[in-house]
Amino acid sequence: MADQDSVQFVPVITVDGPSGSGKGTISQALAHHLGWHCLDSGLIYRVFAYVADQQAIQPEQEAALLKLIDDFSHSVQMKVINTSLCVFWQEKEISSFVRSEACGELASKFAALPSVRTALLDYQRAFRQSPGLVADGRDMGTVVFPDAVLKIYLSASLEERAKRRYLQLKRWGKHVSLGAVQKELKQRDTRDTERKAAPLKAAEEALILDTTHLSIPEVLQRIQKTLAKKELR
């Protein structure tokens, strides 16, 4: 295992923003472009929420939650199979379950707990490996990787984000209504921005991009211009 000093020299780019802002797609594309690793922190919270739910652990059961975190890295595996990221818990694939809206809503509730966020910090920071990491989430630039070489914050209108999320869920074969998706996103936005522990917000030095009327190539182009100035390819 690399020592702490060498880890600090591994560059990190953070991409934060609310659900549906495009941060997942942009992070993956950026990581592919740079040849870096990619961290989807939201998926980690979804998996954690799913496992807690399967074991009937409630958000208020702090001791049980912390024990669950201790076992987390041993019982959960994430593998890329045919270009898709698949998630396994106790050797059972749970990919479709953790991508459901219900799991996302539950994850948002667990993610609001200071003890859970603190306990998962080391797990997330372990993804910082050479040659570099693109980290996608809600507090990547403000809390998890405050020393990131570039911090990006993506936003978009609630209507546009709901439309994107709705189409994504339909592609995954989920039966949802656009109105229900928009309502859930609005509730999640409120919970994420108003929570006491690591609330969703842009880092002071972040590159802020409103993606409402921007295509993925246009967003990447703007980010790459900033990377060029920082001599990061």
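The values are calculated or read from the model by the stated rules, or taken from the named source; none is laboratory data. Nothing here was measured: the structure is a model prediction, and the numbers come from that model. Here the Cβ is made from the backbone with ideal geometry for all residues, glycine too, and neighbour counts use every protein chain on show. Heavy atoms of the whole protein, side chains included, go into the accessibility calculation; ligands, DNA and RNA do not. Shrake-Rupley method; radii C 1.70, N 1.55, O 1.52, S 1.80 Å.
Normalised by the number of residues in the chain, what is the relative contact order in percent for Cα pairs under 8 Å and 6+ residues apart?
Contact order relative to length: 33 percent.
Between Leu154, Leu39, Leu85, find the one with the highest GNM mean-square fluctuation for the chain; connect C-alpha pairs within less than 10 Å.
Answer for the Gaussian network model of the chain: Leu85.
Which of the peptides 221-230, 115-124 is most tightly packed, and how do the rest follow, judged by the mean count of other Cβ atoms within 10 Å per residue?
115-124, 221-230
Starting from the exponent 0.38 and prefactor 2.2 Å, build the expected Rg for the range 1-118 from its residue count and divide its actual Cα Rg by it.
That works out to 1.14 for the range 1-118.
For Glu105 and Arg171, calculate 0.36 nm times their separation in residues minus their Cα-Cα distance, and state this gained length in nm to one decimal. Before the final figure, lay out the partial values.
On the way: separation 66, 0.36 × 66 = 23.76 nm, distance 1.93 nm.
That works out to 21.8 nm of additional length.
Could you do me a favour and compute the accessible area per residue for the range 3-110, 1.4 Å probe, result in Å²? Before the final figure, lay out the partial values.
Working: 5200 Å² over 108 residues.
Using a 1.4 Å probe on heavy atoms only, each residue of the range 3-110 averages 48 Å².
Based on the alpha carbon coordinates of the range 30-80, what radius of gyration and maximum Cα-Cα distance (Dmax) apply, in Å?
13.9, 42
Two-decimal Rg/Rh of the range 110-227 from alpha-carbon positions, Kirkwood Rh?
Value, to two decimals: 0.98.
If I stretch the segment between Asp147 and Thr226 completely, what's the gain in nm (0.36 nm per residue apart, minus their alpha carbon distance), one decimal? Walk me through the numbers before you get to the answer.
Working: separation 79, 0.36 × 79 = 28.44 nm, distance 1.69 nm.
Here the answer is 26.8 nm.
Return the sequence-ordered ³J(HN,Hα) values of the range 191-202 in whole Hz as given by the Karplus equation 6.51 cos²θ - 1.76 cosθ + 1.60 applied to θ = phi - 60°, using x for Gly and Pro.
These are the phi-based 3J(HN,Hα) values: 5, 5, 7, 9, 5, 6, 8, 6, x, 5, 6, 7 Hz.
Once you charge only the Cβ atoms, +1 for Lys and Arg and -1 for Asp and Glu, what is the size of the charge dipole of the chain about its Cα centre, to the nearest 20 debye?
740 debye
Please tell me the relative contact order of the range 70-177 in percent, rounded to the nearest whole number, where contacts are Cα pairs under 8 Å and at least six residues apart.
Relative CO of the range 70-177 lands at 12 percent.
Take Ser115 and Leu66, extend 7 Å from each Cα along the Cα→Cβ direction, and tell me the distance between the two endpoints in nm.
0.6 nm
Bin all alpha-carbon pair distances of the range 51-145 at 5 Å intervals from 0 and give each bin's fraction as a whole percent.
2, 10, 19, 24, 25, 13, 4, 1
Given H placed on each backbone N at 1.01 Å, which residues far from Ala135 in sequence or on other chains put an amide H within less than 5 Å of it?
Answer set, sorted by chain and number: Ile13, Thr14, Val15, Leu39.
Rank Gly173, Gly17, Gly35 by mean-square fluctuation in a GNM of the chain with C-alpha springs under 10 angstrom and give only the top-ranked residue.
Of the options given, Gly173 has the highest mean-square fluctuation.
Taking springs between alpha-carbon atoms closer than 10 angstrom, which of Glu194, Glu91, Glu205 fluctuates most in the Gaussian network model of the chain?
The residue with the greatest mean-square fluctuation here is Glu91.
Taking Rh as the Kirkwood radius, which is the inverse of the mean 1/r over Cα pairs, what is the Rg/Rh value for the chain?
0.94
Taking amide hydrogens as modeled 1.01 Å from N in the peptide plane, which residues meet the under 5 Å criterion relative to Ser155, leaving out close sequence neighbours?
Placed amide hydrogens put Leu209, Asp210, Thr211 under 5 Å from Ser155.
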